[in-house]
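Have a look at the structure below before the remarks.
The values are calculated or read from the model by the stated rules, or taken from the named source; none is laboratory data. All figures in this text were calculated on a predicted structure; none of them were measured in a lab. Cβ coordinates were reconstructed from backbone atoms using ideal geometry, including for glycine residues, and neighbour counts include every protein chain displayed.
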Amino acid sequence: MDDSATVSAADIARLAGVGRAAVSNWRRRYPDFPQPVGGTASSPLFGLADVTGWFHARGKPFELSAGERAWQRLRALGDDLGLAARVSLAGAFFAYQAGIPGKFDRETDPELLALLNELTHRAGPLESFELLCRRYFEAHSRRLSTTPEPVAELMARLAGPVSTILDPACGFGALALASGAKTVLGQDSDAETATIAALRLRLRGVEAEVHAVDALREDAFAGRTAEAVLCDPPFNERAWGHDELVGDARWEYGLPPRGEPELAWVQHCLAHVEPGGTVAILMPGAAAGRRSGKRIRGNLLRAGAVRAVVTLTAAGPDLWLLRRPVPGQRPPSTVLLGEAGEDLSTVERSWQEFQDRPETGVRIIDLLDDDVDLTPARRRARDEDLGQAFQAVRGKFAELTPTLPPLEAADAEPAFTTIGELAKAGVVEVKHAARTDAEHPSAEAGDVVASVTGIAYVHSGLPEAVGPGLTVYRVDAARLDADFLAGCLRAADLPAASASTRIDGRRVRIPRVPLDVQREYGEVFRRLAEFDAVLRATAETGRELVRLGFAGLVEGRLRPGR
């Protein structure tokens, strides 16, 4: 084993088959747990040999697979800045093993070669490389920008089954892999990223031509087209080549303003798709309505190039579907503007309905005003019946009646204990969910779930895994009332100071009162929580009522009452 290899807390949890919270508990409970040898206070690194020895001394299962040993060796051979290059090198080895033509450095570290060879025989070249790629993506999740798999698959399905696609900002190949295309043309400005994408594709038998140059400044596929173009371009890059690309033939719909690089990517994609072919591109929400881009948006609409703009999440991005106009074909008269909500499958249904019945879309002529705003949310707000909406919200507001439970001054202050003391006595079991680890504790009926913001509630229904950053408190119902504990947690000033990133509520004070008194308090805590929820709903509904009132009066949908 390489004595210089290090592992994070998340690595230890994965290798030991436990949640990350368990690693935090071991560090706190066992003085001889290995001390960090690097990293930061919030993300420490431990010596792999030290951790392995500690586990073996306690008879705990902790065996490194061939893949893990290869990954640790890759990390140990240099700093993280060169890790992508070493992952690429491993990919070249796997491609060589698979009989794919290419260059492979035979002077590579002998120990690494032995581990890669062992891994290949166990898992095969493709799965071996994908394992190392996954580890690389996990290790650099905050620095790497990758298209989420569900979004990539959605874009591929909307583009339709095609044999050839082009991705001018291909990253690590997520969109190309999702497309299922037999031939992929790709570009990425980062050389190692482009190499990894090409290797992932070629190991799947895809004919991949990937160039490591910036697609806007140096178009590697000038004059070439594909059946479809899928693209997740970089957003808000001011230095995208505006001055040097003035007069470029790709700007068929207008020279993109300096602050609108996304509209440059849109036109680049349209220039590389066959007539009648589809472009699916992710765009920042602001690109649909910024005044600086209204001329190009207007030209795209008039030509019939924009077919849909769909907001995928409230925070963005938007998905733009475009189609390169077919010469001599009459442009369409409508466009789809929609919002996905919580279920991405609604996008496919809306797109199919729009294709079957184009008249259900928004008329393009109605969008060609002074703003040429394609923002789906604004269109929805403009199209809603403000008069009916105002009456509906007013009725909802009238039904909201917050009721404060009766409270009176107490004569004496009770004695207190803490959650930490209750945990030691076995009255409550505390389970923390890590912020990044995929394995989280489950909340069962009667458990208290608390968040870092001080919100706490009693879980009901079927068991359910809690999200990152939450804590589950499992109570002994014969000694502690769950609603009483939830109220105490909500009253506390969370989070308590802690050396780790998890919530530590062990110092929260709990009044020492009998179980029957706890239940009485718990009932009042429940009513206070309900009172708070109704107050919040009243405030939100009131603000919506005011918005609709102003908008309805201005738009002529409402008038002063008598």
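All but one of (1) under 27 Å from the mean Cα position of the chain (by Cα); (2) under 25 Å from Arg295 (Cα atoms); (3) not β-branched (Val, Ile, Thr) hold for Gln187; state the number of the condition that does not hold.
Going through (1) under 27 Å from the mean Cα position of the chain (by Cα); (2) under 25 Å from Arg295 (Cα atoms); (3) not β-branched (Val, Ile, Thr) one by one, Gln187 breaks only (2).
For Glu555, indicate whether it is surrounded by 14 or more Cβ atoms within 10 Å (Cβ to Cβ), at pLDDT below 85 and over 30 Å from Val428 (Cβ atoms).
No.
Restrict the check to region 276-292 and report whether at least one residue is closer than 14 Å to Ala215 by Cβ, without any contact (Cβ under 8 Å) to a residue 40 or more places away in the chain and charged (D, E, K, R).
No, the conditions are met nowhere in region 276-292.
Of all the residues that make up region 306-315, how many are more than 17 Å from Asp343 (Cβ to Cβ) and surrounded by fewer than 24 Cβ atoms within 10 Å (Cβ to Cβ)?
Qualifying residue count for the region: 1.
I'm trying to understand the selection: among the residues of region 54-81, which are in a helix (DSSP H, G or I) and surrounded by fewer than 16 Cβ atoms within 10 Å (Cβ to Cβ)? Working first, answer last.
Let us first name the residues in region 54-81 that are in a helix (DSSP H, G or I), namely 54-57, 66-76, 80-81.
Listed by number, the residues that qualify are His56, Ala57, Asp80, Leu81.
Just to confirm my filter: which helices (runs of 4 or more DSSP H) fall fully inside region 296-387 and include at least 2 residues that are on the phi < 0 side of the Ramachandran plot, assigned by TED's automatic domain parsing to the domain that holds Ala264 and more than 24 Å from the chain's Cα centre (by Cα)?
Correct list: 345-356, 364-367.
Give me the pairs, please: first residue somewhere in region 518-536 and closer than 17 Å to Leu489 by Cβ, second residue anywhere and of a type in the set (Gly, Ala, Ser), beta-carbon distance under 6 Å, and either six or more positions apart or on two chains.
Within 6 Å, the pairs are Phe525/Gly487.
Here are Ala84, Ala92: which of them is in contact (Cβ under 8 Å) with a residue 60 or more places away in the chain, outside any loop (DSSP other than H, G, I, E, B) and either in the same structural domain as Val206 (by TED's automatic domain parsing) or touching a His at 6+ places or on another chain (Cβ under 9 Å) (or both)?
Ala84
Among the residues of region 373-390 satisfying the criterion of being within 18 Å of Gly561 (Cβ to Cβ) and exposed (fewer than 14 other Cβ atoms within 10 Å of the Cβ), which is modelled with the highest pLDDT?
So, considering only residues that are within 18 Å of Gly561 (Cβ to Cβ) and exposed (fewer than 14 other Cβ atoms within 10 Å of the Cβ), the one modelled with the highest pLDDT is Gln388.
Mind counting the residues in region 421-448 that are surrounded by 17 or more Cβ atoms within 10 Å (Cβ to Cβ) and either among the aromatic types (Phe, Trp, Tyr) or modelled with pLDDT of 90 or more (or both)?
5
If Tyr253 passes every condition in (1) out of contact with any strand residue (DSSP E or B) (no Cβ under 8 Å at 6 or more places or on another chain); (2) of a type in the set (Phe, Trp, Tyr); (3) within 16 Å of Ala169 (Cβ to Cβ) but one, which one does it miss?
The failed condition is (3).
Being farther than 25 Å from Ser128 by Cβ, modelled with pLDDT of 85 or more and crowded, with 18+ Cβ neighbours inside 10 Å narrows it down to one residue among Val23, Val51, Val37; which is it?
Result of the check over Val23, Val51, Val37: Val23.
Does Gly461 meet the test of being at pLDDT below 90, assigned to a helix (DSSP H, G or I) and small (Gly, Ala, Ser)?
no
Please name all residue pairs, on different chains or six or more residues apart, with Cβ atoms under 9 Å, provided the first residue is in region 403-422 and is free of Cβ contacts under 8 Å to residues at least 40 places away in the same chain and the second residue is in a loop (DSSP other than H, G, I, E, B).
Glu421/Val427; Glu421/Arg506
Listed residues Pro257, Pro233; which is in contact with a Cys (Cβ under 9 Å, 6 or more places away or on another chain) and in a loop (DSSP other than H, G, I, E, B)?
Going through Pro257, Pro233 in turn, the sole match is Pro233.
Exactly one of (1) in contact (Cβ under 8 Å) with a residue 60 or more places away in the chain; (2) under 29 Å from Thr311 (Cα atoms) is unmet by Ala197. Its number?
(1)
Conditions first: (1) more than 28 Å from Gly467 (Cβ to Cβ); (2) out of contact with any strand residue (DSSP E or B) (no Cβ under 6 Å at 6 or more places or on another chain). Leu15 passes all but one, so which condition is the exception?
(1)
One residue is enough: does region 130-153 have a residue meeting the conditions in contact (Cβ under 8 Å) with a residue 24 or more places away in the chain, out of contact with any Ser or Thr (no Cβ under 6 Å at 6 or more places or on another chain), surrounded by 22 or more Cβ atoms within 10 Å (Cβ to Cβ) and not in a helix (DSSP H, G or I)?
For region 130-153, residues in contact (Cβ under 8 Å) with a residue 24 or more places away in the chain, out of contact with any Ser or Thr (no Cβ under 6 Å at 6 or more places or on another chain), surrounded by 22 or more Cβ atoms within 10 Å (Cβ to Cβ) and not in a helix (DSSP H, G or I): present.
Could you pull out the residue among Glu130, Glu107 that is over 22 Å from the mean Cα position of the chain (by Cα) and in the same structural domain as Gly82 (by TED's automatic domain parsing)? Spell out the reasoning first.
Working: Glu130 fails: over 22 Å from the mean Cα position of the chain (by Cα).
So the residue among Glu130, Glu107 that is over 22 Å from the mean Cα position of the chain (by Cα) and in the same structural domain as Gly82 (by TED's automatic domain parsing) is Glu107.
Scan region 178-192 residue by residue and report those that are in contact with a helix residue (DSSP H, G or I) (Cβ under 8 Å, 6 or more places away or on another chain) and crowded, with 20+ Cβ neighbours inside 10 Å.
Once the filter is applied, which keeps residues that are in contact with a helix residue (DSSP H, G or I) (Cβ under 8 Å, 6 or more places away or on another chain) and crowded, with 20+ Cβ neighbours inside 10 Å, region 178-192 yields Ala178, Ser179, Val184, Gly186, Gln187, Asp188.
How many residues does region 1-27 hold that are under 31 Å from the mean Cα position of the chain (by Cα) and among the charged types (D, E, K, R)?
Total meeting the criteria: 4.
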